[in-house]
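The values are calculated or read from the model by the stated rules, or taken from the named source; none is laboratory data. Bear in mind that the values here come from a model prediction, so they are computed numbers and not experimental data. Don't worry about glycine lacking a Cβ; one is built from the backbone with ideal geometry, like all the others, and counts go over all protein chains shown.
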C-alpha cells in the first residue's frame with residue numbers, strides 16, 4: 001500500500017525556504033543566458049534559454065534538440081531481437097530495464113508467456129536496474145549541490161552491478177540481455193548469480209543508502225537547497241502526465257507494478273497460485289526536489305525487499321529444471337541448443353532467426369507494452385506487418401515526459417536552483433532524442 005514519507009521540515013533542521021514571487025517587483029531589465037550543455041552527452045539535447053531578472057528566472061525555454069540517433073526509426077530496420085541493442089542505449093543509466101521492457105512489449109504482441117524462471121530473473125534484474133538508476137541520480141543531485149562525496153558513495157556500488165551484468169551477459173555497460181521469450185543465454189550458475197545479487201542487497205546497497213542519508217538527508221545546506229524548490233502539486237503532476245518518482249513525490253499513487261502488473265508483480269505469476277511480490281509504493285506530498293530525493297531513496301529499499309523475496313532456496317529448487325527460454329509453437333524464439341546441434345529442423349530455425357531474418361512468424365497487429373522503470377512508465381508501441389521487423393515502433397520515454405515541466409518548475413526561482421531542479425528530474429539525454 002502507498003505510504004507518505006516525512007516532509008523536509010520534520011527533521012531537526014531549521015528549513016529556510018523563500019516565497020520567491022511574494023512582494024517581488026519585476027524591473028523589466030532582463031538578460032538572456034544559455035544554460036548548458038556542459039557535457040558531450042548532452043550536446044544539442046539539453047539546452048535551456050533562461051530569461052533572467054537579476055538572478056531570478058523570469059522565463060525558461062527548453063531546447064531538447066536531437067542526438068541524431070534515430071532510435072525509433074532504427075526499429076524498422078532491425079528484427080525483434082536485434083533492436084534490444086538500441087533500446088538499451090535510450091537509458092544508459094539502467095539499460096537492462098529497457099531490454100526487459102522492450103521484449104515484454106514484443107511478447108505481449110506475439111502472445112508469448114515466458115517461463116517462471118525467466119519471470120523471476122527478469123524481475124530481479126528489473127529491480128537491480130531500478131537501484132542502479134536511482135543510485136546515480138541521488139548521487140548526482142548531491143554532486144550538483146556540492147556534496148562530491150555523496151556521488152562517490154553512490155557510484156561505487158554501481159561497479160558491483162556492472163559485475164553482475166558482466167556475469168549474466170558478458171557485457172558490463174550495455175548488457176543487451178533479453179530476447180523474445182527469454183534471454184541471450186542461461187545463467188552460468190544459479191548459485192553464483194544469487195551470491196552476487198545477495199551481496200548487493202545485503203551489504204553494498206544498504207551501506208550506500210545509509211551513507212547518503214547520513215551525508216545529505218539531514219544536512220541543513222542540502223535541505224535549504226532542495227526544500228520548497230521546483231514544487232509540483234498532485235493535480236499539476238496528473239495534468240502533465242508525469243510518472244515515476246517525480247509524480248509520486250507530488251502525491252500521485254500510481255505504479256505500473258501495482259496497477260497493471262506483469263512478471264512476478266502479478267498474482268499467480270507461476271500459474272500455480274503464487275502470490276505477487278510484496279512491496280510498498282512510497283509517496284510524498286511536498287512535490288519538491290527534496291521529496292523526489294526521498295522517494296528514490298525509499299524505492300531502493302523497496303527494491304531490496306522485492307529481490308529478497310525471489311532469492312529463497314525453495315523457489316530456486318523449483319526453478320532448477322525450468323528453462324530460461326520459452327519454446328513456443330511457431331518461429332518466435334530460439335530453438336534449444338541440443339536441437340540446433342542435433343536436428344536439421346533446429347539448425348534451420350536457428351539459421352532463419354539469427355542469420356537470415358526469414359523465420360519470424362510475426363502477427364499482423366499492433367500492441368503496447370509498459371513497465372515501471374526507475375524514471376516512471378516506459379512503454380513501447382509496436383505495429384507489426386507480419387515481417388521479421390516492426391513496421392513502426394514508438395517509445396514513451398519517461399524522461400521526455402517529465403522534462404517538459406522544467407520551464408514551469410524553474411520560473412520564479414533563482415539561477416542557482418536550476419541544477420537542483422534538473423537533477424531531481426533525472427533527465428537522460430538519450431530519452432530526449434525525438
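The residues on offer are 158, 179, 194, and the sole one that is under 24 Å from residue 421 (Cα atoms), surrounded by 15 or more Cβ atoms within 10 Å (Cβ to Cβ) and at pLDDT 90 or above is 158. Remark: pairs (first residue in segment 150-177, touching a residue at least 12 places away in the same chain (Cβ under 8 Å) and on the phi > 0 side of the Ramachandran plot; second residue assigned to a helix (DSSP H, G or I) and surrounded by fewer than 19 Cβ atoms within 10 Å (Cβ to Cβ); Cβ separation under 8 Å; 6+ apart in sequence or on different chains) = 176/85. Taken residue by residue, segment 32-45 has at least one member that is in contact with a helix residue (DSSP H, G or I) (Cβ under 8 Å, 6 or more places away or on another chain), more than 19 Å from residue 415 (Cα to Cα), surrounded by 16 or more Cβ atoms within 10 Å (Cβ to Cβ) and modelled with pLDDT of 65 or more.
Of the residues screened, residue 161 is one that is part of a helix (DSSP H, G or I) and under 21 Å from the mean Cα position of the chain (by Cα).
The residues on offer are 288, 321, and the sole one that is without any contact (Cβ under 8 Å) to a residue 60 or more places away in the chain and over 22 Å from residue 256 (Cα atoms) is 321.
Table: residues versus (1) surrounded by fewer than 17 Cβ atoms within 10 Å (Cβ to Cβ); (2) touching a helix residue (DSSP H, G or I) at 6+ places or on another chain (Cβ under 6 Å); (3) farther than 16 Å from residue 90 by Cβ.
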| site | (1), (2), (3) |
| --- | --- |
| 302 | no, no, yes |
| 343 | yes, no, yes |
| 350 | no, yes, yes |
| 354 | yes, no, yes |
| 375 | no, yes, no |
| 381 | no, no, no |
| 398 | no, yes, no |
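One residue alone among 339, 361, 314 is closer than 20 Å to residue 270 by Cα, without any contact (Cβ under 8 Å) to a residue 60 or more places away in the chain and more than 27 Å from the chain's Cα centre (by Cα), and that residue is 314. Within segment 62-74, the residues that satisfy the criterion of being in contact with a helix residue (DSSP H, G or I) (Cβ under 7 Å, 6 or more places away or on another chain) and at pLDDT 85 or above are 62, 71, 74. Any residue at all in segment 196-207 that is in contact with a strand residue (DSSP E or B) (Cβ under 8 Å, 6 or more places away or on another chain) and on the phi < 0 side of the Ramachandran plot? Looking for residues that are in contact with a strand residue (DSSP E or B) (Cβ under 8 Å, 6 or more places away or on another chain) and on the phi < 0 side of the Ramachandran plot, one finds none in segment 196-207, hence no. Here segment 376-419 is the region considered, the condition is being within 21 Å of the chain's Cα centre (by Cα) and more than 30 Å from residue 283 (Cβ to Cβ), and the residue that is modelled with the lowest pLDDT is 393. Flag set for residue 324, criterion: part of a loop (DSSP other than H, G, I, E, B) and surrounded by 18 or more Cβ atoms within 10 Å (Cβ to Cβ).
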